[in-house]
Amino acid sequence: RESSSSCALPIITRGVELRGRKSARSSAAASNREDHSFYLPSSAPTSARKSVPMSQFRSEEMSLIQLFIQSDAAHDTLHELGEIGAIQFKDLNADKSAFQRIFVQDVRKCDDMLRILRFVTDLAEKEKTPLVNRGSSAAISTLDELHERLQELEKETKNLSQNYTQLVKNEAELKEHKFVLRKGSEWFQQASRGISFTSPSDADEAARVEMRSLLDDSEAALAQKAPSMLGHIAGCIPTANMKDFGLTLFRATRGNMLLRHEEIADSAIMDPKSGEIVQKSVFIVFFSGERSRSKVEKIADSYGATKYRLPDTTAQQETMQREIDERLRDLKVVLGKSNDYRRGRLEQVLGNVEAWTEHVKREKAVFHTLNMFNYDVTHKCLIAEGWCATAAINDVREALRRGSMKSGATVQTVLNVVKSRETPPTYFKSTKLTAGVQAIVDAY
């Protein structure tokens, strides 16, 4: 029932579908209007025929614009245009590869700076250094100066990390050598007291070899007896490889060797070769002849063993152990100071990493957009084309004016609206209702 007191009400999509042909035709005619709105059916009273905005259901009106930008003002102008985000530029160099673009070197420079910043961030996460954001206090210089500064930072950081890693490996080697000396001294003392050793194939045979006469390390005995062909190799090997190592030695030497080993029960230590924390065992191999020595050394290297010097006499072993203890104390002090300096240097840099990353990403976006422009050699200017919302053309003109003033250009940027029959892209303004969905679309 019609009433003179009825007022204009917004019509939802389902209401449009329920109307007849006459209402559908009136809605189609209304969609061609410039204000992109539709009206109530003609059967409604005149007071109810008011336009309802369709900004959320229909794209904004788009215009194709053409820009003539002076080369010196292109960078600052693109910065201002990027702040408003009102233009979708067309690639006028689609027939050229990425290496034939004008600003390809600048894009590569930005990629290199982003790589260095990622390297510093990953190193900070590895060292568990907190990331402190200093905000606007971070001084951002020009792009070339920032690139040089980041290259120096990368070189310094890599040198500090390499030196610290080398010191840690040296400490691990000294600790392993200390374990080898301690266990080797015990085994030599057991042999000198007449305790027999068992061959690695003791499950099959119980043959025991008496080593007392061969391992007598007293100074008088060494001076009296003739030089012996018996030799030994000592070191550390991952415990997981110990069983295969013993079997391979036994087969390669045909049983003409003696192997003693014991797992380091204190704690897992870092492998100097791989830098990983593994459980290791101390071993010593007795053999006869240089040919057997060559075989044992090759087999030990193939199983990831680390060989260390083990003197024959007790006095030499004690002297070497004192030297290792002294070197470990000095190395511990050096490691502490090196770690403090490295972490302090990282903390100084991390305060600016976030601001530098944002700045470099903006610069990369600017140069990537400039690579889509044509360069006019005659007028020495850049020509750009793009789609812009008709309602935002005045904002674009204002941004072009700010960019020219910021760069100090003598010639203002020219903006022309080009009539085209191309299908324009769609553009919907985000609101509180559509911002969530638009964020999901932008994420993909």
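Among Ile299, Ile264, Ile284, Ile237, which is over 22 Å from Phe188 (Cβ atoms), open to solvent by less than 40 Å² (accessible area, probe 1.4 Å) and at pLDDT 80 or above? Steps first, please.
On the way: Ile264 fails: over 22 Å from Phe188 (Cβ atoms); Ile284 fails: over 22 Å from Phe188 (Cβ atoms); Ile237 fails: over 22 Å from Phe188 (Cβ atoms).
Testing whether each residue is over 22 Å from Phe188 (Cβ atoms), open to solvent by less than 40 Å² (accessible area, probe 1.4 Å) and at pLDDT 80 or above leaves just Ile299.
If we only count strands (runs of 3 or more DSSP E) wholly inside the range 368-443, which ones have 3 or more residues that are surrounded by 12 or more Cβ atoms within 10 Å (Cβ to Cβ) and of a type in the set (A, V, I, L, M, F, W, C)?
Of the strands (runs of 3 or more DSSP E) lying wholly inside the range 368-443, those with at least 3 residues that are surrounded by 12 or more Cβ atoms within 10 Å (Cβ to Cβ) and of a type in the set (A, V, I, L, M, F, W, C) span 381-389, 414-418.
Being of a type in the set (S, T, N, Q), open to solvent by less than 40 Å² (accessible area, probe 1.4 Å) and at pLDDT below 50: is that true of Ser31 here? Full working, then the answer.
Details: of a type in the set (S, T, N, Q): yes; open to solvent by less than 40 Å² (accessible area, probe 1.4 Å): yes; at pLDDT below 50: yes.
Against the criterion (of a type in the set (S, T, N, Q), open to solvent by less than 40 Å² (accessible area, probe 1.4 Å) and at pLDDT below 50), Ser31 qualifies.
Identify, by number, the condition in (1) touching a residue at least 60 places away in the same chain (Cβ under 8 Å); (2) open to solvent by 70 Å² or more (accessible area, probe 1.4 Å) that Ala355 doesn't meet.
For Ala355, the failing item is (2).
With the condition kept exactly as written, say whether any residue in the range 436-443 is within 14 Å of Trp387 (Cβ to Cβ) and among the acidic types (Asp, Glu).
no
Say we look at the range 133-174 and pick out the residues that are assigned to a helix (DSSP H, G or I) and of a type in the set (Gly, Ala, Ser); which of these is modelled with the lowest pLDDT? Before the answer, list the steps.
Restricting attention to the range 133-174, the residues satisfying the condition of being assigned to a helix (DSSP H, G or I) are 135-137, 143-174.
Adding the requirement that they be of a type in the set (Gly, Ala, Ser) leaves 135-137, 161, 172.
On the way: Gly135: 50, Ser136: 46, Ser137: 43, Ser161: 86, Ala172: 86.
Filtering the range 133-174 for residues that are assigned to a helix (DSSP H, G or I) and of a type in the set (Gly, Ala, Ser), the one modelled with the lowest pLDDT comes out as Ser137.
Looking at the range 173-194, I want the residues that are open to solvent by less than 30 Å² (accessible area, probe 1.4 Å) and have a partner that is modelled with pLDDT under 85 and hydrophobic (A, V, I, L, M, F, W, C) with Cβ atoms under 7 Å, at least 6 apart or on another chain. Which pairs are those?
Glu176/Ile269; Phe188/Leu215; Ala191/Met211; Ala191/Leu215
Any idea how many residues of the range 301-349 are among the charged types (D, E, K, R) and touching a Gly at 6+ places or on another chain (Cβ under 9 Å)?
First, the residues of the range 301-349 that are among the charged types (D, E, K, R): 301, 307, 309, 312, 318, 322-323, 325-327, 329-330, 332, 337, 340, 342-343, 345, 347.
After this cut, where a residue has to be touching a Gly at 6+ places or on another chain (Cβ under 9 Å) as well, the list is 307.
Number of matching residues: 1.
Find all pairs meeting these conditions: Cβ atoms under 6 angstrom apart; at least six residues apart or on different chains; first residue within the range 244-257 and under 20 Å from Gly304 (Cβ atoms); second residue open to solvent by 60 Å² or more (accessible area, probe 1.4 Å).
What qualifies is Ala252/Lys295.
Quick one: is Ser228 at pLDDT below 70, under 42 Å from the mean Cα position of the chain (by Cα) and not in a helix (DSSP H, G or I)? Before the answer, list the steps.
Working: at pLDDT below 70: yes; under 42 Å from the mean Cα position of the chain (by Cα): no; not in a helix (DSSP H, G or I): yes.
No; evaluated as a whole, the condition is false for this residue.
Give me the residue from the range 314-351 that is touching a residue at least 40 places away in the same chain (Cβ under 8 Å) and hydroxyl-bearing (Ser, Thr, Tyr) and, out of that set, farthest from Leu114 (Cα to Cα).
Per the stated criteria, the residue is Thr314.
For the range 67-119, enumerate the residues that are surrounded by fewer than 15 Cβ atoms within 10 Å (Cβ to Cβ), outside any loop (DSSP other than H, G, I, E, B), out of contact with any helix residue (DSSP H, G or I) (no Cβ under 8 Å at 6 or more places or on another chain) and modelled with pLDDT of 90 or more.
Gln88, Gln105, Arg108, Arg115, Arg118
Tally up the residues in the range 303-315 that are surrounded by 12 or more Cβ atoms within 10 Å (Cβ to Cβ), not in a loop (DSSP other than H, G, I, E, B) and not basic (Lys, Arg), please.
Number of matching residues: 3.
The values are calculated or read from the model by the stated rules, or taken from the named source; none is laboratory data. If you're wondering where the values come from, they're calculated on a predicted model, not measured in any experiment. With ideal geometry, Cβ positions are generated from the backbone for all residues, glycine too; neighbour counts draw on all protein chains shown. Accessible surface areas use protein heavy atoms only, side chains included; no ligands, DNA or RNA. Shrake-Rupley method; radii C 1.70, N 1.55, O 1.52, S 1.80 Å.
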